[in-house]
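The values are calculated or read from the model by the stated rules, or taken from the named source; none is laboratory data. Everything quoted here is computed from the prediction, not taken from an experiment. Heads up, the Cβs are rebuilt from the backbone with ideal geometry, glycines too, and the neighbour counts pull from every protein chain shown.
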Amino acid sequence: MTKILDCTLRDGLHVRDFNDECILAVLNAAENAGLQYFEAGYKMPESIQSAKIKTVIMVDTKNIQPVSKKADCVRVACYPHEIEKALEAVENFHNQGFEVFLHLMTADKFDKYDILKNWKNKNILTSIYFADSFGSFMPEDVERVYKKLENCGFDKISFHAHDNLHLAFTNTIKAIELGAYSVDATVFGIGRGGGNLSLEILLKYFGKDYHPYLDLIKKYFLNDEQKFEARVGGLENVHPLKVKQLYDGIYF
């Protein structure tokens, strides 16, 4: 089954800061929901001392920094022109004992597939990610890039969506249908620009309990009441007149 990576803190950091209380609340929600990966950001927050979930740190290839040993995994993000440096970084972090992901940004513009195909250390990756960095993908774009990575010899492929065209959910479902190893989402879709895929929607799709995330949104992420009420109505399948009761906590 496709795994879920919560990247709320990392993508959300582009638009706001998080205090320790919020960081731990998001972490606890991810643990309680049974998610497999929790991306803590570009460095490990001091408030996270231990976790029951695998913690991920993102490293940008243009500015590679040492990673705290408290992290379980490193995701190395690169643009197409940085691929050689990124592969070297992936190998170095693997040798340091971290689980590693390679994250291809602007994946639709990537054309150096020969480098990936000829790379001899594919087996050290937990998965290779491709990102719809500007939220411009259609489902056929997801399939096209996914197939190219399969043709390069990768058998664990993951997808990171953005929601500029309100297609993050549709595109993520396509990746899941193709057999994605993991997919990313954030609480209430928080993220730069069009935002990301909303975790509560993804949890609904997987048949998991999303109600703790509604409480989380109400307390820490409620920047658009109308959007939240519409979200609750869709998740709970109720008439708009009933949403206010749900929002006030009568049913959850």
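Values computed for the structure shown
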| quantity | calculated |
| --- | --- |
| Some residue of the stretch 73-96 being hydrophobic (A, V, I, L, M, F, W, C) and assigned to a loop (DSSP other than H, G, I, E, B) | no |
| In the stretch 160-188, the residues that are touching a residue at least 40 places away in the same chain (Cβ under 8 Å), among the polar types (S, T, N, Q) and over 23 Å from Arg16 (Cα atoms) | Ser182 |
| Verdict on Phe98 being within 25 Å of Ala175 (Cα to Cα), surrounded by 20 or more Cβ atoms within 10 Å (Cβ to Cβ), in contact (Cβ under 8 Å) with a residue 24 or more places away in the chain and in contact with a strand residue (DSSP E or B) (Cβ under 9 Å, 6 or more places away or on another chain) | no |
| From Ile23, Ile48, Ile53, residue being touching an Asp or Glu at 6+ places or on another chain (Cβ under 7 Å), surrounded by fewer than 22 Cβ atoms within 10 Å (Cβ to Cβ) and within 20 Å of Cys7 (Cα to Cα) | Ile53 |
| Residue within the stretch 139-162 that is part of a loop (DSSP other than H, G, I, E, B), buried (at least 21 other Cβ atoms within 10 Å of the Cβ) and not hydrophobic (A, V, I, L, M, F, W, C) present | no |
| Residues of the stretch 185-204 satisfying the condition of being in a helix (DSSP H, G or I), surrounded by 23 or more Cβ atoms within 10 Å (Cβ to Cβ) and touching a helix residue (DSSP H, G or I) at 6+ places or on another chain (Cβ under 6 Å) | Val187, Phe188, Leu199, Glu200 |
| Given (1) touching a residue at least 12 places away in the same chain (Cβ under 8 Å); (2) surrounded by fewer than 12 Cβ atoms within 10 Å (Cβ to Cβ); (3) not hydrophobic (A, V, I, L, M, F, W, C), index of the condition Lys208 fails | (2) |
| Some residue of the stretch 62-75 being more than 25 Å from Lys120 (Cα to Cα), crowded, with 20+ Cβ neighbours inside 10 Å and hydroxyl-bearing (Ser, Thr, Tyr) | no |
| Residue pairs meeting the criteria (Cβ under 7 Å; at least 6 apart or on separate chains; first at negative phi, in the stretch 107-124; second exposed (fewer than 14 other Cβ atoms within 10 Å of the Cβ) and charged (D, E, K, R)) | Ile115/Glu84 |
| Filter result (in a helix (DSSP H, G or I), of a type in the set (D, E, K, R) and more than 26 Å from the chain's Cα centre (by Cα)) within the stretch 205-252 | Lys242, Lys244 |
| Unmet criterion (only one of (1) out of contact with any strand residue (DSSP E or B) (no Cβ under 8 Å at 6 or more places or on another chain); (2) in the same structural domain as Asp17 (by TED's automatic domain parsing)) for Leu241 | (2) |
